[in-house]
Amino acid sequence: MSKRYVMIHDENRCIGCQACSVACRSENGTPEGVSRLQVRVEGPFGDAPHLHFKYNRVSCQQCENAPCVTVCPTGAAYVGDDGLVTIKEDKCVGCMYCVAACPYKVRFMNPETKAADKCNFCKDTRLARGELPACVTVCPTDALTFGDANDPQSDVAKLINTKATYQEKTHLGTQPRVYRIPTKRGGIQS
Amino acid sequence: MIELDRRTFIKGAGAGGATCALATLLPGSLAALEQQPLKAVGKEVASICEMCSTRCPISARVVDGKNVFISGNKEAKSFGGKVCARGGAGHSLLYDPQRIVNPLRRVGERGEGQWEEITWQQAYQTIAKNLNDIKAKHGAEAVAFSSKSGSLSGHLFHLGKAFGSPNSFTHASTCPGGYVIAAKAMFGTKVKRDLGNSKYIINFGHNLYEGINMSETRGMMKAQMEKNAKLVVFEPRFSVVADKADEWFAIRPGTDLAVALALCHVLIEDKLYDHAFIEQHVVGFEAFAEEVKACTPEWAQGVSDVPAKDIRRIAHEYAAHAPHAVVDFGHRATFTPEEFDMRRALFAANVLIGNIERKGGLYLGKKAKTYNKFAGNKVAPTLGKPGVEGLPKPTAKRIDQVDEQYAMMWSSGGIYQTILDATLEAKPYQLKAWVMSRTNPMQTMTDRARVVESLKKLDFVVCCDVYISETAAYADIILPESTYLERDEEIADKSGKNPAYYVRQRVVETIGQTKPSWQIFKELGEEMGLGQFFPWENMESLQLLQVNRDVTLWNTIKEKGYVSYGKPLMLREPSMVAAFTAHYPEAKATDADGTYASAMSFKTPSGKIELSSDKVEKMAAGRGVIKYRPVQLKQADELYFIQGKVAVHTNGATHNIPMLANLMSDNGVWIHPLTAGKLGISSGDKIRLSSSVGSEEGTALVTPGIRQDTVFAYMGFGSKNKELARATGKGIHCGNLLPHQTAPICGMNIHTTGITLAKI
């Protein structure tokens, strides 16, 4: 069976500490000024004392139906055999259609390679070495879980089957592979 | 809130580009060298982080000769192989063009920012001549030595001792000294908290989810998520820990003591406390019970704004989870002059439910010597302590030894801020020179203007640092220390419930002319004519003395980076004692109840836990028993000004590190919408904060996550020296607003004051 890599971000566990975004930058050599990954601490929402923050992971959602791939005129944005949306730098002509088409606004032009860039779950660095993505590796509070959702024994499959999760902008039909476990304080019981 | 928005996502804070040009002009900086690829020492090196003082065990690997990818060392289980944003950004410090990699001499006025590069030999000769001259004229005690604690403070203070000065200081009185002194008074030693096994956690603004201490942060999250622990937070601001809490109470700043005493009141009056435990292990209960009789929840509500019914309910819930419940005794930030009694009251709430040496409660560290004694076996090796004989005994008293009430602090880092009194007012005598290592009192001490005045008045100032920090900017000589990624250091004790050791090791070869502390202060000592006190050749020789020349042990510790021995042991936890005795057949015999309760001993005068202390009473009349005393932290028309930690920075140290500066370079001032509305302030407006000692310009961040009578800012921002190009002038400088005030008994620098706010 083919793999279906997914990332699950537990907003109850996330403390917005940015360990993930720093590790991502170190592992992938992301140039200063652009980011593959951020966690935005948004809010507080609600009325005091019943306030809550939202811990919003902002990174490529690894859509199964990826608009960036559809619009790419050169095939630089493509879906690999592993199902991951990736970029062939030498095919990218820098037209930025993908940057405009991404509903999650997480693609950017890499000032060093001059090609479009974004999170690829550390496909060419850590995954290639059989390691977990950088963000998952360092997360202080174990808020991130990564794995093959097609494997029923995987941690991700177990989490998706037992916890209430949501994905961003599913109404667009993108079928994102980043799942989020909502914070209990947001009013949605997980 | 960490402000990260669309703009920064696309463009980044981009501080580096504009300031690099300036940095290249800075003599002695890394920018002055040609950039060379990093040379790795090994494939993956286990070491110890130094991005904050928690010193987590790390594992580091050089990526493509450009970066160092740092994660946690998996050998240290409670750290989970994890690292925070600061820890992950270590290479950004290593390769920062603004880092200092050559010794510098000041050529203009102090603080003017005119520097010239000198050789190490010139630096040593200048320092040796100046310090020896001062010693000859004014005595060795006229020189103060201060340092961030760790291997570096060990070597600097050794130099200070060899030189003959009693005046050595850590940053304790500006940071974690309060709870340390309170614990010393009650338990005779420091205690640790077992948050990971706790079922009920009461937290007074110890923001472990922003002021990350990896094993404790993970422990608390584990307790919350996997063990269903309830977390109650009392904090004036809606911090991340308040957000993650089951209940958050916006307590009035500085009134934690009242709520803690009211909790104790309910525990005692409603007979919820552990009577047997108090009988067996505690002295001073009666006097304490008498004192808290009046501290009703209703009274505490009037002081703190925390509803009485909630205090009562929380005390009952807490007791219902005893002994696997804990009141967190906190860390930095001295909220009130009554710091000592506040921390003692927090400890008292633990003692009352008898959670000492119980899972989820408090416990004492089990170093090899203690652990082996219980095991009846040499389970863990004990380390040798390299030292030298014949060190001179200082003839003078310490400068903070003016008042007996501070006696417990003298050996716990000292009262750092007394350097200012001794320099400016010759109290108790005149200081002439200050030698510092990796400490930044301009940021961490209160009343910045007074720190500047002191640094200007002294005859001679030396700073050892990795940057020209705000303090180093006023030095005569700057010694560039290697970053932790370039240093080997002594093996350190990391024992918790069982013994453990770990070690800092070089990950990359040294860049530029920097040296590790041990080498700097040894070579300086030799130049000063004190070579006899530095008989060791290098760090290897020191490590080998530590392991008593057991090369196998040495290699194991170096290879794994972190080694622990035996099983976790808490002396009063029956299941742990049973597992321990089953594992070690020669273990000490247990009590009839299957625990080691009777073997528990405390280094207090009575040998028991001292809920009230005759010793403290003798040091300061009227202070033996924990007591509430009203304090005035602000004037009626002022707002409370409080500070805290953010997850991406460490107090006075990391704000210039490129990767972290890009994440956050400014500290918006949190203001309640109604407070802001009355003053016509909106988010993003320029504002002025004025206190009794200073005035700062900042940016407003209007949010409901703060009390109406309080403003908050993350500390460590707003540096004022031009050398820290990324940090300078960004945000408000907290130390510049706080008056110089010292708390009784513990000698802590106080971090709450009153300010007025205006739109500009």
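A short reminder: the numbers here are calculations on the coordinates, not readings from a lab. Values in this document were obtained by computation on a predicted structure and should not be read as measured data. No Cβ is skipped: glycine too gets one built from the backbone with ideal geometry, and neighbour counts run over all protein chains shown.
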Which whole number gives the average, over all residues in B:248-255, of C-beta atoms from other chains lying within 10 Å of the residue C-beta? 1
Over 18 Å apart: what share of the alpha carbon pairs of region B:83-178 falls there, rounded to a whole percent? 67 percent
Percent relative contact order for chain B, counting Cα pairs under 8 Å at least six residues apart, stands at 19 percent
Quick one: Cα convex hull volume of region A:5-186, Å³ per residue? 126 Å³
Taking every DSSP bridge whose two residues both lie in chain B, the antiparallel percent to the nearest 5 is 50 percent
Using the structure shown, select from A:Lys105/A:Lys158; B:Lys244/B:Lys720; B:Lys192/B:Lys558 the pairs with a Cα to Cα distance greater than 31 angstrom. B:Lys244/B:Lys720
What list do you get for B:Ser692, A:Ser2 if you sort them by fewest beta carbons within 10 Å? A:Ser2, B:Ser692
What fraction, in whole percent, of alpha-carbon pairs in region B:367-504 exceed 17 Å separation? 73 percent
In whole Å, what are the extents of the protein assembly as shown along the principal axes defined by its C-alpha atoms, from largest to smallest? 82, 69, 69
Starting with the fewest neighbours, write out B:Leu611, B:Leu633 ranked by other beta-carbon atoms found within 10 Å of each beta-carbon. B:Leu633, B:Leu611
Contact order relative to length of region A:5-186, as percent, for alpha carbon pairs under 8 angstrom and 6 or more apart: 31 percent
Distance (nanometres) between label positions extended 7 Å along Cα→Cβ at B:Lys456 and B:Asp64: 4.9 nm
Separation of alpha-carbon centers, region A:133-159 and region A:82-99, rounded to whole Å: 26 Å
Just how large is the dipole of region B:180-236 about the Cα centre, in debye to the nearest 20, putting +1 at every Lys and Arg Cβ and -1 at every Asp and Glu Cβ? 240 debye
Restricting the count to DSSP beta bridges whose residues both fall in the protein assembly as shown, what percent are antiparallel, rounded to a multiple of 5? 60 percent
Please give the FRET efficiency for A:Asp155 paired with A:Arg129, using the beta carbon to beta carbon distance and R0 = 30 Å, rounded to the nearest 0.05. 0.95
Post the alpha-carbon centroid distance, region B:322-371 to region B:459-532, in whole angstrom. 33 Å
Partner shielding of A:50-63, as the mean number of partner chain Cβ atoms within 10 Å, equals 2
For region B:364-481: relative contact order, % (alpha-carbon pairs under 8 angstrom, 6 or more apart): 16 percent
Could you give the size of the charge dipole of chain B about its Cα centre, using +1 on the Cβ of each K and R and -1 on the Cβ of each D and E, expressed in debye and rounded to the nearest 20? 980 debye
In whole Å, what three semi-axes, largest first, describe the equivalent ellipsoid of chain B built from its Cα gyration tensor (square root of 5 times each eigenvalue)? 38, 33, 27
Within 10 Å of each Cβ in B:223-234, how many Cβ atoms from other chains are there, averaged over the peptide? 1
So B:Trp536 and B:Gln632, fully extended at 0.36 nm per residue minus their Cα-Cα distance, gain in nm 29.3 nm
On full extension of the chain, what length is gained from B:Thr189 through B:Arg549, given 0.36 nm per residue of separation minus the C-alpha to C-alpha distance? 126.6 nm
I need B:Ile212, B:Ile511, B:Ile557 ordered by Cβ neighbour count within 10 Å, fewest first. B:Ile511, B:Ile557, B:Ile212
Which residues make up the longest stretch of chain B clear of GluC sites (Glu not before Pro) that lie in a DSSP loop with no more than 16 other Cβ atoms within 10 Å, not counting the sites? B:113-388
Quick one: if you stick a label point 7 Å off each Cα along the C-beta vector at B:Ala396 and B:Glu317, how many nm between them? 5.5 nm
